[in-house]
Amino acid sequence: MKITRYDGKDIKRVLIGMVTDDVVCARIASKWTPEGLFASRKENLIGRWCVRHVRKYGRAPGREIESLFDDWASGKEGQEETIKFVEGILHHLSSEYEKNGDGYASDYLIDLAGKVFNRVATKRAMEAAEIDLERNKVDDAQRKLIDLGRVELGVGGVIKPGEDYQSWRDALDNEAVKPLIQYPGILGRFVGNEFARDSFVAFMGSSKRGKSWILLDLAYRAVKQRCRVVYFEAGDLSQRQLMRRMGQRALRRPKRSGSYKLPIDYPSSKGDPIVKSKDLEGITPQDCFKVWKKVQRGKDKFRLSCHPNSSLTTETISSLLFDWEREGWVVDVVVVDYADILAPPNGVKESRDRINEIWKHLRRISQEFHCLVVTATQADAASYDRQLLNRRNFSEDRRKHDHVTAMLGINVTDEDKKNGVARFNWLDRRDDAFIESNQVYVAGCLDIGCPIMKSTF
């Protein structure tokens, strides 16, 4: 049996959120009690400064926490030990924040705060009940446990829209829906904000139409844009094959030296992309290692988890994400290559139900971890004869469409493939209107691992 141990890391993250994040600080302030929500008096002291500040100024204290400490410390003569202790906590929080400069998602910190505060409240109630039991006051002990209330924060929390203004600020915060992954040019305008936190996006395409290349390209762009990314290879490629592709993508070079045609412009979809031949050297292990170290800026930004075909489950994915979260590594983007070859959940035998449960759980992962989940799926046999995919080209189970927040079709005819072209169209888009027949053309070169280099309408 796995036992979760709490060593104070969760409390530190919550305190950092209260000091630095307006949304986190305001949400916790709405539930703050006079005695505080943390277990320690010193932690409650810092939390109280943050709560007072956000109630007065509408924002977290940030660097002004130092002034709040100085004002407090100036009136505490003879309490040098307490001052030194609180100063040490603030210094440690500052070091932790600097070390994790990109920060954590507000929703993740709010969920974490709910767990921390409810653990404290439960422990307090149990200790008080234990005292009553020792005094043989059984009814009082039971009443304390029955009356134990929850601190409702984050997922599963109860919102009162007529009383909680912060929930409206949070819901309409443009930063919250800012995409984690942004594409350049025309393709960027076409996909908009769909690759945002809490989203579940899928690519649908026929066999051998570049789905894995597109997923790897997306993961690479996410790392470049300072996201923490985990790439789950579910068995379509081996670890060696995938890492070769990773080297090609990051170096923009082929496996073997030679002359290759690269798209340099794509003026219009009415014509072919303009290409130019270029002599390129093949990739080497040394160059691949150096470039990925540079891409990650020396930080732990990308994790790769490869599994044999039909052995990886969504439960395994969740378990790994929870384990890494406890380490302090909180994911922003989860890429699964690809959902159709994940192993079925335990106890689900019927094929269509198996697919439905897998896709439901992937959606749940995006909500539980407040991350972007991206995967791909195979189109049906009829898609081979189509110029443009539609919602009816699903394979195995229509309910895939129900669980995604967006789905893009990958359209590649034999002529498109010869020209290094793919066409994307929307099959699902939950929050925005779309027309299936609208498409954007992209040109790339798979020899150098770049499926998306130029785009046009």
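General observations
- Residue check: residue 242 meets all listed conditions (1) touching a Cys at 6+ places or on another chain (Cβ under 7 Å); (2) among the aliphatic types (A, V, I, L, M); (3) under 23 Å from residue 324 (Cβ atoms); (4) in a strand (DSSP E or B) but one, namely (4).
- Looking across 386, 429, one residue alone is touching a residue at least 40 places away in the same chain (Cβ under 8 Å), charged (D, E, K, R) and either farther than 30 Å from residue 277 by Cα or buried (at least 23 other Cβ atoms within 10 Å of the Cβ) (or both). It is 429.
- Region 396-415: number of residues that are assigned to a loop (DSSP other than H, G, I, E, B) and within 27 Å of the chain's Cα centre (by Cα): 5
For every residue, the table says whether it meets (1) at pLDDT 95 or above; (2) touching a strand residue (DSSP E or B) at 6+ places or on another chain (Cβ under 9 Å); (3) among the β-branched types (Val, Ile, Thr); (4) not assigned by TED's automatic domain parsing to the domain that holds residue 229.
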{"position": "259", "(1), (2), (3), (4)": "yes, yes, no, no"}
{"position": "264", "(1), (2), (3), (4)": "yes, yes, yes, no"}
{"position": "278", "(1), (2), (3), (4)": "yes, yes, no, no"}
{"position": "291", "(1), (2), (3), (4)": "yes, no, yes, no"}
{"position": "301", "(1), (2), (3), (4)": "yes, yes, no, no"}
{"position": "306", "(1), (2), (3), (4)": "yes, yes, no, no"}
{"position": "309", "(1), (2), (3), (4)": "no, no, no, no"}
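- In region 416-457, counting only strands (runs of 3 or more DSSP E) that sit wholly within it, the ones holding 1 or more residues that are hydroxyl-bearing (Ser, Thr, Tyr) span 439-445, 450-456.
- Checking the stated criteria, residue 366 turns out not to satisfy the condition of being among the polar types (S, T, N, Q), surrounded by fewer than 19 Cβ atoms within 10 Å (Cβ to Cβ) and in a helix (DSSP H, G or I).
- Residues that are surrounded by fewer than 15 Cβ atoms within 10 Å (Cβ to Cβ) and among the hydrophobic types (A, V, I, L, M, F, W, C), drawn from region 305-349: 322, 348
- Qualifying residue in region 159-169 (condition: over 21 Å from residue 301 (Cα atoms) and of a type in the set (Phe, Trp, Tyr)): yes
The values are calculated or read from the model by the stated rules, or taken from the named source; none is laboratory data. Here the structure is a predicted model, which is why all the values come from computation and not from measurement. FYI the Cβ positions are ideal-geometry reconstructions off the backbone, even for glycines, and counts take in every protein chain you see.
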